[in-house]
């Protein structure tokens, strides 16, 4: 920790000089990133079901000025999605021909390039205290390249989903928060400087946009608030100003959204429901609770839950733990058969699934509260991440997957190994390079993963917003493994 007599750190100092010195490499990486994004756009560009809803909301914003959608034959004021991404789409199609995806994909690539630049800045912010300037420069360049050329991020530039802009907002919010923390290190007892408050305001602005794009970005707000809460102590005036500024700016758009929902629909809904449903749309808490008693990853969501209600459940597609044994198995099969008669979850049937879930939880509390959430959390990170590529991602067991489709299995296995390599290099970077603020940032990754692990729709893309942070650690891992620098002392 710096002493009170040292000048306050300026995290932006030297960035322009670094960019000027590395402009050829940065330009080459940027061109390669554009080529990779263009490949995904021309070959795999797609509009998902969520994308169609986003486009409908954006179209109605442009046409009528109202945030509405067609639902069950009626035009309704929608609350199923926060308005961040539809507003972005509306801005794009205000100046581009409606329905053309190329302008949107191009914009999303520009946002990815901005994310790569933000990752390079983040690599500088987390540089170990005694790292040599040359090592920091190499880590910054590596972070830029890893993000710009990461296929898991690049493929989402060719999908009508909010992941790319939400990832940029998350990366910028983390960077501004760390810059604010570094600005206060010169004298932790002094009143917050204008520079520190400006960084907190920037973090709050990025979080405000990020939350409107994906509500789980709010986890970043909670974690960044932790050092401010800890810093209150006896110096409450010193701590309250940045904390209040961060929270007020980050949550201001949600206040307007909440007022809109109350005035137009008479409901208090500051975010969206976990199931992303409209007001009055049927929900199935009992069935969802039952699903959480056996769901261990996205495979069960994709194969079974995405089709319910509306399609029959094939018991053969369920893992053995979903059916149980003896009388419990017979009861489960009877409920599935009752659902399959009409492919509809009536309130009575949903309540029966809820009672079945309660009985299963009483019999296996450890599995429900610990083992299955850990399995879902693991599946969020250890995934081939090819949800939107035309590939069969059934890769387990490997022998059967190879016999079923050797080409798809080979590509899927390659992406799986690439993901594992990124994660392994990031873990090495955390251990060997000991970047600053690692306790705070690892806590952020754990908190977000734990929150998503309790969520029934545990899609691997939901942790993509933290992937630039992972790649920053991987960049420092590459420097620690292959670069020459003085071994740092201390940690974050």
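Listing for the model above:
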item: Once the Cα gyration tensor of the stretch 294-363 is diagonalised, semi-axes √(5λ) in Å; result: 17, 16, 11
item: Length gained when the stretch residue 358-residue 312 is fully extended (0.36 nm per residue, less Cα-Cα span); result: 14.2 nm
item: Length added when fully stretched, residue 129-residue 110, from 0.36 nm per residue minus Cα-Cα; result: 3.6 nm
item: Order of 386, 76 - criterion: other Cβ atoms within 10 Å of each residue's Cβ, fewest first; result: 76, 386
item: Computed E for residue 366/residue 259 - FRET, C-beta separation, R0 45 angstrom, nearest 0.05; result: 0.55
item: Radius ratio Rg over Rh of the chain, counting only Cα atoms, Kirkwood formula for Rh; result: 0.98
item: Alpha-carbon centroids, the stretch 100-130 and the stretch 266-282: separation in whole Å; result: 33 Å
item: Exposure proxy order (Cβ contacts within 10 Å, fewest to most) of 458, 169; result: 458, 169
item: Backbone N under 20 Å from the residue 334 label point (7 Å along Cα→Cβ), restricted to the stretch 343-370; result: 343-363
item: Relative pair counts by distance (%), Cα atoms of the stretch 79-194, 5 Å bins; result: 2, 11, 17, 16, 15, 13, 10, 8, 5, 2, 1, 0
item: Percentage relative contact order, the chain, counting C-alpha pairs under 8 Å, at least six apart; result: 20 percent
item: From the C-alpha gyration tensor of the stretch 212-326, square roots of 5λ in Å; result: 40, 21, 11
item: Length released on extending from residue 439 to residue 454, taking residue separation times 0.36 nm less the Cα-Cα span; result: 3.1 nm
item: Calculated log₁₀ intensity ratio I(q)/I(0) where the Debye formula runs over C-alpha points of the stretch 142-297, q = 0.09, 0.10, 0.14 Å⁻¹; result: -0.42, -0.51, -0.88
item: Pair residue 410, residue 63: separation of 7 Å Cα→Cβ label points (nm); result: 4.7 nm
item: Footprinting exposure proxy for 162, 225, 320 (fewest neighbouring C-beta atoms within 10 Å first); result: 320, 225, 162
item: Alpha-carbon centroid distance for the pair the stretch 303-367 / the stretch 15-72, whole angstrom; result: 39 Å
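None of the figures in this text is laboratory data; all of them are computed from the coordinates on show. Being a predicted model, the structure only gives us computed values, none of them experimental. With ideal geometry, Cβ positions are generated from the backbone for all residues, glycine too; neighbour counts draw on all protein chains shown.
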